[in-house]
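Chemist: Pasting a structure below so you can have a look.
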Amino acid sequence: MTQAVKLNPGSLILNPAFKALPQLSLYIHIPWCARKCPYCDFNSHEARGAVPEERYVAALIADLDETLPQVWGRRVHSVFLGGGTPSLFSARAIDAILAAARARLAIDPDAEITLEANPGTVEAEKFRDFRAAGVNRLSLGIQSFDPRHLKSLGRIHDGGEARRAIEIARRNFDNLNLDLMYGLPGQSPEQARADIETALEYEPPHLSCYHLTIEPNTYFHRFPPRLPDDDATAAMQDTIDARLEEAGYDHYEISAFAKRGKRTPITNHESRSNDVCRVMGRESTRRCLTWTLERDESRITDCACRHNLNYWTFGDYLGIGAGAHGKLSFRDRIVREARVKLPERYMQAAEAGNAVQEHREVEPTDIPFEFMMNALRLNHGFSASLFEERAGQPLTAALRELDEAERRGLIERDHARIAPTRLGRRFLNDLLQIFLREKAAV
């Protein structure tokens, strides 16, 4: 029998009950970097000498084998190799990882397969081999083209290397993302715009623009640099938004911009199904990617990142690798997992068949907040029916909170769609705080 949890005052939250399981993605974590950046709080570790590539690949495969029973029969719609710096690994290792995943999982033939790379680890032959291994989307960590700002961020590349990396990437990948940051030490709004203008010269299908924040357990947290004030960073954000809108990009998520219209195909490599990018509803060589594209096809373009959209629409993802996190739904529950964090300990644990360090069921009372924490990042919002589809609960589970958020001008909604307002996007943490409710003693 379905159980309910009582909240203050008098609300009921039902245990999840799924009619169909959410879309599934695969995340593969490669934890090593050439150098640890002072702002980075990810599970990344500076490579001191040669990385144990062969052993780590074997550990990933053992990890995947151990967790397969949880996802039997489910299709994988996207794969993301993140880090760290996955491009530190050889193309042979990446090929072995993807081949092992294909042999064990039902990966869509046209699945988006992303690999993160840094300009300081770029080799033309390596990029060609990554593509041959099956990687069809590349995400380049540019951050800035200004040598002063790159130095302050501890990056191992300079502006010239960043440009060369993009040129090499464009010869091999038509589906390309460039990561940029703003609010950097000593940066002015004009300099932030200059980075955007340089990036636009290459007409990337996708741009990610992140505001530098000081995170705990980082070098910058221990030794804070002098950052631009709030007014300056707000001006940078407004300038970036306006310039990319003018350039034909859809600001579909807080930090993500996707190019509208046709994406220029690569010229020296067969592009298969990725060589045309149009707004959904017009000609497209891909089928619908996610519920978002299907139900709001005039707003999200085919250049949007499929893998990240699955996160933001509260889809499922299997995470393997050191410190990787995962979220999996079952008929009547949602489970979150975390792998052993330190690379050496992770490899030992995976070899012993116990790479999972944490396995917990999400409390029914926490599901509305977890859903909103993701879906309210989407500037165009989400379909009202998506909540029940992905949370396994009726929308009434969050009705009081939605009413309060609307009263405060942080969301707008009708019978079909819920979306953050401009005010809600600017003060997202305040908006999400509304969905954090204390449980009453029963």
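The values are calculated or read from the model by the stated rules, or taken from the named source; none is laboratory data. What you see is a predicted model; the values in this text were computed from it and never measured. Backbone-built Cβ (ideal geometry, glycine too); neighbour counts: all protein chains shown. Side chains included, ligands, DNA and RNA excluded: accessible areas come from the protein's heavy atoms. Shrake-Rupley method; radii C 1.70, N 1.55, O 1.52, S 1.80 Å.
Chemist: What is the distance in Å between the Cα centres of segment 12-87 and segment 219-263?
Modeler: Going from one Cα centre to the other spans 27 Å.
Chemist: In Å², what does the accessible area per residue of the chain work out to with a 1.4 Å probe?
Modeler: I get 44 Å² per residue for this part.
Chemist: By per-residue mean of other Cβ atoms within 10 Å, what is the highest-first order of 341-348, 215-222?
Modeler: 341-348, 215-222
Chemist: What do you reckon, how do Arg226, Arg75, Arg413, Arg170 stack up by accessible area (1.4 Å probe), largest on top?
Modeler: Sorted by accessible area, descending: Arg226, Arg75, Arg413, Arg170.
Chemist: Next question, about the same structure. Of Arg92, Arg48, Arg148, which is the most mobile in a GNM of the chain whose springs link Cα atoms less than 10 angstrom apart?
Modeler: Checking each option, the largest mean-square fluctuation is seen for Arg48.
Chemist: With respect to the cross-link table entries Lys36/Lys126; Lys19/Lys259; Lys36/Lys327; Lys36/Lys259, which display a Cα-Cα separation exceeding 24 Å?
Modeler: Lys19/Lys259; Lys36/Lys327; Lys36/Lys259
Chemist: Take the alpha carbon gyration tensor of segment 72-118, find the square roots of its eigenvalues, order them as a ≥ b ≥ c, and report rounded if a/c is under 1.5; if not, report prolate when a/b exceeds b/c, else oblate.
Modeler: It is prolate, given that a/c is not under 1.5 and a/b is the larger ratio.
Chemist: Can I ask one more? Would you grab the residues whose amide H sits under 5 Å from the one on Val79? Only those 5+ places off in sequence or on another chain, please, with H modelled 1.01 Å from N.
Modeler: The answer is Leu26, Glu112, Ile113, Thr114.
Chemist: Under the classification rounded if a/c is under 1.5, otherwise prolate if a/b is larger than b/c and oblate if not, where does segment 129-181 fall, given a ≥ b ≥ c as square roots of the Cα gyration tensor eigenvalues?
Modeler: prolate
Chemist: Name the residues whose placed amide hydrogens come within less than 5 Å of the amide hydrogen of Gln143, ignoring near sequence neighbours (fewer than 5 apart) on the same chain.
Modeler: Residues meeting the amide H criterion: Asp179, Leu180, Met181.
Chemist: Moving to a separate point now. Could you please put Tyr182, Tyr202, Tyr210 in sequence from largest to smallest accessible area, using a 1.4 Å probe?
Modeler: My answer, sorted largest first, is Tyr210, Tyr202, Tyr182.
Chemist: Excluding ligands and nucleic acids, what accessible area in Å² is computed for Ser90 using a 1.4 Å probe, to the nearest 10?
Modeler: It works out to around 30 Å².
Chemist: Now, a different point. Taking the Cα centre of the chain as the origin and placing charges on Cβ (Lys, Arg +1; Asp, Glu -1), which of Ile367, Val76, Ile30 is farthest toward the positive end of the dipole?
Modeler: Towards the positive end, the residue furthest out is Val76.
Chemist: Moving on. With every protein chain left in place and a probe of 1.4 Å, what is the accessible surface of Ile434, to the nearest 10 Å²?
Modeler: We get 10 Å² for Ile434.
Chemist: In addition: With the chain treated as a Gaussian network of Cα nodes joined by springs under 10 Å, which of Arg137, Arg377, Arg417 yields the largest mean-square fluctuation?
Modeler: Arg417
Chemist: Using a ≥ b ≥ c from the Cα gyration tensor of the chain (square roots of the eigenvalues), is it rounded, prolate or oblate, where a/c under 1.5 gives rounded and otherwise the larger of a/b and b/c decides, a/b for prolate?
Modeler: Because its axes are fairly even, with a/c under 1.5, the chain counts as rounded.
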